[in-house]
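Chemist: Handing you a structure now.
The values are calculated or read from the model by the stated rules, or taken from the named source; none is laboratory data. Since the structure is predicted, the reported quantities are computational estimates derived from the model, not experimental observations. A quick note on method: Cβ atoms are made from the backbone with ideal geometry, for glycine too, and the neighbour counts reach across all protein chains shown. In case anyone asks, the SASA skips ligands and DNA or RNA and just uses the protein heavy atoms, side chains included. Shrake-Rupley method; radii C 1.70, N 1.55, O 1.52, S 1.80 Å.
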Amino acid sequence: MSKAKLAALAAALFVTVGSTASAQSAKVAAHPTRAKLIAWCKSHPDATADCKEVRSDRREVRNDRKELRADRREIRSDIKAGDKAEAKSDRRDLKSDRRDLRQDRKETRRDARDTWKDARR
């Protein structure tokens, strides 16, 4: 590739990255900050239940992640020990825990979205 083509490619990439960064900063500015949401949660009388619900959902997600890590450790130890049947049952547990994690994440996102919508009103 010639030097002129490389220079043109580099210039095009530079312009693309710059326009993407400015578009992202515009999106962030239109959105209320986390600090504003926290202040709203503390000051608004109807917000306490919503905010508590979001916090409890996030706690459930963290607990689900801990369970997943424990399940993966159990599977690795069963494979090392050569217990195929036990590893298979642990995989089933892992699959159900992953399903629970997905559901909890959806609930958390939904509740957080509702809280953000209420904060904008």
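Chemist: Would you kindly find the accessible area of THR48, with a 1.4 Å probe and non-protein molecules such as ligands, DNA and RNA excluded, rounding to the nearest 10 Å²?
Modeler: 70
Chemist: If you don't mind, there's one more thing I want to ask. How large is ³J(HN,Hα), in whole Hz, for each residue of the range 53-69 in order, when computed from phi with the Karplus curve 6.51 cos²θ - 1.76 cosθ + 1.60 and θ = phi - 60°, using x for Gly and Pro?
Modeler: Karplus values, whole Hz, x for Gly and Pro: 5, 5, 4, 5, 5, 5, 4, 4, 5, 4, 5, 5, 4, 4, 4, 4, 4.
Chemist: So, one more: Using a 7 Å offset from the Cα along the Cα-to-Cβ direction at both SER77 and ARG62, what is the distance between the two label points in nm, to one decimal?
Modeler: 2.4
Chemist: Got a number for the accessible area of ASP104? Probe 1.4 Å, square angstrom, nearest 10.
Modeler: Roll a 1.4 Å probe over it and ASP104 shows about 20 Å².
Chemist: Going by accessible area, probe 1.4 Å, with all protein chains left in place, what is the ranking of ASP83, ASP50, largest first?
Modeler: ASP83, ASP50
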